[in-house]
Amino acid sequence: MNAYHALAQSYDRLTRDVDYEKTVAFYHRILEREGLRPRTAVDLACGTGSVAVILAREGLRVTGVDMSEEMLTVASQKAVGMENPPMFVCQSLQRLRLPRGVDLAVCALDSLDYILDPQVCQEALHRIYKALNPGGIFIFDVNTPEKLRAMDDQIFLDEDEDVYCVWRGEFDEKTNICSYGMDLFQRRGEVWHRSFEEHREYAYSQAQLTEMLRQARFTRIAVFGDGRLEAPREGEQRIYLKARKGRIL
């Protein structure tokens, strides 16, 4: 089964430790440093819409984009009753096309790593550049190659009273891809249902991403440590990148 299908209904329960408010707060620190106050945003690979909902509650006009219909269904349910709900669209990043430009593009939780072909990732970056208004900014994070390599032969467990998830990591040096098979057990009434998903992430390096952003015509590129407005430390597990679209002269 492909990633984020069976997992969609349990995703938020299994990621309760993810502090989305903190992630968005870090976006604001970068925006403040850049002197920007965006009015419109796109949340790329938005999943169940947690970041999109926070940005919309702050008053931005937000579009959430994801290629999993199941995740978008959960996201839409999460936004029910909001005064300013995000609009959710089912698209892949390499085929991204928005009806109008946005001031801010974000992509959280190493979602860009799920694009396993660097050429396809390059196309996605071109599409993101085109989606931004002049002067707009793109902020995203990735897992570092060090983190993905360290997942090789590791076994992880997540559970609560209604969900039990076991996943096993494997890193392939030839393909530069970390794969992790996920056995998912979900309680429905008195019955437990088992499903399997495979998740795969490409280990993009800081230098590789920086060059790809340049190839997509982004400027003012910077790389930060995890939640810090400073260069990544040695052995960093997650890094953030920001890049700007030039203004029309």
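Pull up the DSSP beta bridges for the chain and report the antiparallel fraction as a percent, rounded to 5.
Antiparallel: roughly 70 percent of the beta bridges in the chain.
Excluding residues fewer than 8 places away in the same chain, name every one of the lysines whose C-alpha is closer than 18 Å to that of LYS174.
Leaving aside lysines fewer than 8 places away in the same chain, those within reach of LYS174 are LYS147.
Calculate, for CYS90 and ARG39, the FRET efficiency according to 1/(1 + (r/R0)^6) with r their C-beta to C-beta distance and R0 30 Å; round to the nearest 0.05.
Efficiency for this residue pair is about 0.80.
Counting only trypsin sites (Lys or Arg not before Pro) that are in a DSSP loop and have at most 14 other C-beta atoms within 10 Å, tell me the longest site-free stretch of the chain.
With trypsin sites (Lys or Arg not before Pro) excluded where exposed in loops, the chain gives 101-173 as its longest stretch.
Under a Cβ-only charge scheme (Lys and Arg +1, Asp and Glu -1), can you give me the dipole magnitude of region 3-83 about the Cα centre, in debye to the nearest 20?
240 debye
Just name one of SER179, VAL62, VAL142: the one whose Cα is farthest towards the positive end of the charge dipole of the chain (beta-carbon charges, Lys/Arg +1, Asp/Glu -1).
About the Cα centre, the residue reaching furthest to the positive side is VAL62.
How much mean residue ellipticity at 222 nm does the chain get from its helices, if each DSSP H run of length 4 or more adds -39500 (n - 2.57) and you divide by all residues, to the nearest 500 deg cm²/dmol?
The helix contribution divided over the chain gives -8000 deg cm²/dmol.
With a Förster radius of 45 Å, plug the Cβ-Cβ distance of ASP17 and ARG247 into 1/(1 + (r/R0)^6) and report the FRET value to the nearest 0.05.
The calculated FRET efficiency here is 0.70.
With a cut-off of 8 Å between alpha carbons and a minimum separation of six or more residues, what is the relative contact order of the chain in percent?
Relative contact order comes out at 18 percent.
Length gain on complete extension for the stretch ASP160 to GLU234, per 0.36 nm per residue less the alpha carbon to alpha carbon distance?
Once the chain is fully extended between ASP160 and GLU234, it gains 23.2 nm.
Using all Cα-Cα distances in region 12-96, what percent lands in each 10 angstrom bin from 0 up to the longest?
In whole percents, the pair-distance histogram is 18, 49, 30, 3.
Tell me, what is the percent relative contact order of region 15-127, built from C-alpha pairs under 8 Å that lie six or more residues apart?
Relative contact order here is 26 percent.
Quick one: what do you get for region 76-193 if you divide its Cα Rg by 2.2 N^0.38 Å?
Cα Rg divided by the expected 2.2 N^0.38 Å: 1.37.
Give the residue list of GluC sites (Glu not before Pro) in region 28-99 that are DSSP loop and have at most 13 other beta-carbon atoms within 10 angstrom.
Of the GluC sites (Glu not before Pro), the ones in loops of region 28-99 whose Cβ has at most 13 other Cβ atoms within 10 Å are GLU58, GLU83.
Dipole of the chain, Cα-centred, from +1 at each Lys and Arg C-beta and -1 at each Asp and Glu C-beta, to the nearest 20 debye?
Roughly 1640 debye, rounded to the nearest 20.
Please list, by residue number, every one of the GluC sites (Glu not before Pro) in region 182-231 that is coil in DSSP and has at most 12 other beta-carbon atoms within 10 Å.
Those that pass, being in a loop and sparsely packed, are GLU190, GLU230.
Every read-out reported here was derived from the displayed coordinates using simple, explicitly stated rules and does not represent laboratory data. Since this is a predicted model, take the numbers as computed values, not measurements. Neighbour counts are summed over all protein chains in view; Cβ atoms, including those assigned to glycine, are modelled from backbone coordinates with ideal geometry.
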